[in-house]
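Taken together, the values in this text are just the output of simple stated rules run on the coordinates, not laboratory data. Small disclaimer: the values here were computed from a predicted structure and weren't measured. Using ideal geometry, Cβ is built from the backbone for each residue, glycine included, and neighbour counts are taken over all protein chains shown.
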Amino acid sequence: MKKYILKRILTLLPTVFIVSVVVFLLVHLTPGDPAAMMLGDDATMEDIAALHAKLGLDDPLIVQYIRWVSRCLQGDFGTSTAVIGQKVSDMVFSHFRPTLCLAIYSQLITILLAIPTGILAARKRGRIADMITSVLSLLGISLPSFMMGLGLVLLVAVHFRALPAAGYKDLFTDGLLPFLRYMTLPALSLGFIHAAYMMRMTKTSMLEVLSSDYIKMARSKGVKEHTIIGKHAFRNAFLTVLTVIGQGFISALAGAAVVEKLFTIPGIGTLMVDSIEKRDYQVIQAITLLIAMLNVVINLIIDLLYGLCDPRIRLE
Amino acid sequence: MQSAFSTDTASLARIRKELVREQRRVNLRRFLHNKLSVVGFFIVFLMLLLAVFAPVITGALGVDPYTSLGREMRLQPPSAAHPFGTDNVNRDVFARVIYGARISMTVGFFVGLFSSLIGTAIGMYATINAVWDNILMRICDGLKAIPNILLAITLMAVLGANMHNVILSLTIVSVPGVARIARSQALLVREQTYIEAMRAAGASRFRIMWCHVLPNILSPIIVQMTFTFATAIISEASLSFLGAGIPIPAPSWGGMLKEARSYIYNGWWMVVFPAIFTGLSVLGFNLFGDGLRDLIDPLSGR
């Protein structure tokens, strides 16, 4: 197992390296002089040159890259160019909680919706549950999350006036009930696409397991149906579903930009979109890097769980 | 009967032609048999028609996506003269939705085309050279580690919001996926006996790649292109919705939804129609792509 963990981590290093280079270059290649932008219009050439020297903007690209990476590793993502003196890491950190809460809540809804329906669809092939799953997964793939959100707002908030159309209540400071009232629509619109996908994956992997020999064996032994589904089949099908949950979490974090903007939630998505207007590239850089790294880490955890659950993978 | 067994080239060619035609008939029947993919095809066809003939359609109704119809026409619900109603700056929503098809289809088409060309070239080149294979595939992994929409937003933030940059950044986002598919398909084809025979006959790598591998990996790439088309429509709409895509006043569906967001309580038609068209065209391309994929590989997607 130790060897497996080490191998997994080693294969990640090139990806991490490339991600950091891409994110670094992306922002570095922006048109315009960052020093001139920070100082404003009335800066003299000398001021700009001085700031250049101070920030090390005249150094070769590779030196700048190494300096940037070592700063990032210490949790220092620079200072904002739009809000003077504000540290980027503080900005991102203070906006992270709403996004994280929303992502977790939407994943919970997704799992609760998708896995039971997926199992049901696998058991009753060709019946109503199966058909609903197929239609829903088609819709889920075709509807962007913000359209799902707009539809939900029109129906639930505007037509039935059941839930608020926008706004944010924090889970820890405002309590659970307000949080649920405000976050259910965003969580649903964020999770719906993924619920459809997860449903489909649960269905296919369950079907695969259910047709295997040991399930037939269990059936012929007279094991009860719910024991077969719950104990024998789902445990094996769950590995595939696990990957889908991991992907879902990442797409909930990444897709947050659109949903947060739609429901005016002060998360990192909103921060990122606002930073585009303010040309605050440091913030955009930090958020992109953060989520890409989270993606890599979550994928690593899933890989390790795979290895833990299925010894065959470790030996590969 | 006898001619079928004779070896003269003329009749062989005729038999081959007959076989090809038969295969086409079978394919067409299989495609038509899957009702959903036919629906998909018609949606795609309709959207492309709307995109091409947008000026003709709106011209016939005497409406225009940009001109204000005057103060008294602000936020009017759907009527005979304005089937999709009017928006907050007194413009006809129908005309804007129709012109929106033009923007979405243009973005989808060019992103699909460019990412297929570049992705195929990268994927195939990776199979020739082991060193470049490693480098190119690691770069693809790295790019794929950044979630698509996030990478697109970042690129748009850096490049600046306009249509060319939307196409450019969505192409960059889509290339790694195509490259992966092209590479894995090319690797499969390269193992085939006929490629081995070509190599034994002394054909150059370049010739094998262009004349023998490429035609055999085209179908999965074309299928992928329809899916890329669909995702490009969603991504463009999302970017424009965030204000990082196609700038207003251009009538892109995402941009229209961004404006409609503020009028959700008193102008539902501003939301509903662009949303329906976006969803419908994405659905169309997905269904069409599913149908094509089932043609190539009847076992997939089941």
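A few points about this structure:
- The mean of 1/r over all pairs of different alpha-carbon atoms in chain A, once inverted, gives a Kirkwood hydrodynamic radius of 22.6 Å.
- Computed about its Cα centre, the charge dipole of segment B:38-301 is approximately 380 debye, with only Lys, Arg, Asp and Glu carrying charge at their Cβ.
- In range of the label at B:Arg24: residues from segment B:267-295 whose backbone nitrogen is under 19 Å from the point 7 Å along Cα→Cβ: B:292, B:295
- Only helical runs count toward this figure. For chain B, summing -39,500 (n - 2.57) over DSSP H runs of n ≥ 4 and dividing by all residues gives -25000 deg cm²/dmol at 222 nm.
- Of the chymotrypsin sites (Phe, Trp or Tyr not before Pro) in segment B:12-111, the ones in a loop by DSSP (not H, G, I, E or B) with at most 15 other beta carbons within 10 Å are B:Phe53, B:Tyr66.
- Equivalent ellipsoid semi-axes, segment B:1-136, via Cα gyration tensor eigenvalues times 5, rooted, Å: 50, 27, 12
- Note that segment A:220-234 has calculated 3J(HN,Hα) couplings of 5, 6, x, 5, 5, 4, 6, 5, 4, 5, x, 8, 8, 7, 5 Hz, one per residue in order, obtained from phi through the Karplus relation 6.51 cos²θ - 1.76 cosθ + 1.60 (θ = phi - 60°); glycine and proline are x.
- Over segment B:69-153: Kirkwood hydrodynamic radius from C-alpha pairwise inverse distances, Å: 16.8 Å
- A convex hull fitted to the Cα coordinates of segment A:193-282 yields 109 cubic angstrom per residue.
- Estimated FRET transfer efficiency when R0 is 25 angstrom, pair B:Phe109-B:Tyr66 (beta carbons, to 0.05): 0.60
- If you wrap segment A:2-73 in the convex hull of its Cα atoms and look at it from every side, the mean projected area works out to 5.8 nm².
- Segment B:22-79: proportion of alpha-carbon pairs further apart than 15 angstrom, %: 70 percent
- What separates the Cα centres of segment B:138-180 and segment B:57-127 is a distance of 23 Å.
- Checking every one of the trypsin sites (Lys or Arg not before Pro) in segment B:205-290 against DSSP loop status and a limit of 12 other Cβ atoms within 10 Å picks out no site at all.
- Over segment B:120-183, all Cα pairs binned in 5 Å intervals from 0 give whole-percent P(r) values of 4, 19, 25, 20, 16, 11, 5, 1, listed from short to long.
- Nonlocal Lys pairs with alpha-carbon distance under 27 Å, chain A (8 or more apart, or different chains): 20
- Take the Cβ atoms of A:Val135 and A:Asp310, set R0 to 41 Å, and the FRET efficiency comes out at 0.80.
- Charge dipole of chain A (Cα centre as origin; +1 on each Lys and Arg Cβ, -1 on each Asp and Glu Cβ, all else neutral): 2340 debye, rounded to the nearest 20.
- With at most 13 neighbouring Cβ atoms within 10 Å, loop trypsin sites (Lys or Arg not before Pro) (DSSP) excluded, longest segment of chain A: A:1-123
- Here the protein assembly as shown is treated with +1 on each Lys and Arg Cβ and -1 on each Asp and Glu Cβ, and its dipole about the Cα centre works out to around 2740 debye.
- Amide proton proximity set for A:Thr79, modelled H, under 5 Å, gap of 5+: A:Val88
- Relative to the longest principal axis of the Cα atoms of chain B, the long axis of helix B:9-33 lies at roughly 40 degrees.
- Cβ-to-Cβ counts within 10 Å put A:Phe146, A:Phe238 in ascending order as A:Phe238, A:Phe146, the fewest first.
- The calculated P(r) of the protein assembly as shown, using every Cα pair and 20 Å bins from 0, goes 16, 48, 30, 5, 0 in percent.
- Here segment B:196-302 was treated as a single set of alpha-carbon atoms; its pair distances binned every 10 Å from 0 give 14, 28, 21, 18, 11, 6, 2, 0 percent.
- Computed over Cα pairs, the Kirkwood radius of chain B leads via Stokes-Einstein (0.692 mPa s, 37 °C) to a diffusion coefficient of 150 µm² per second.
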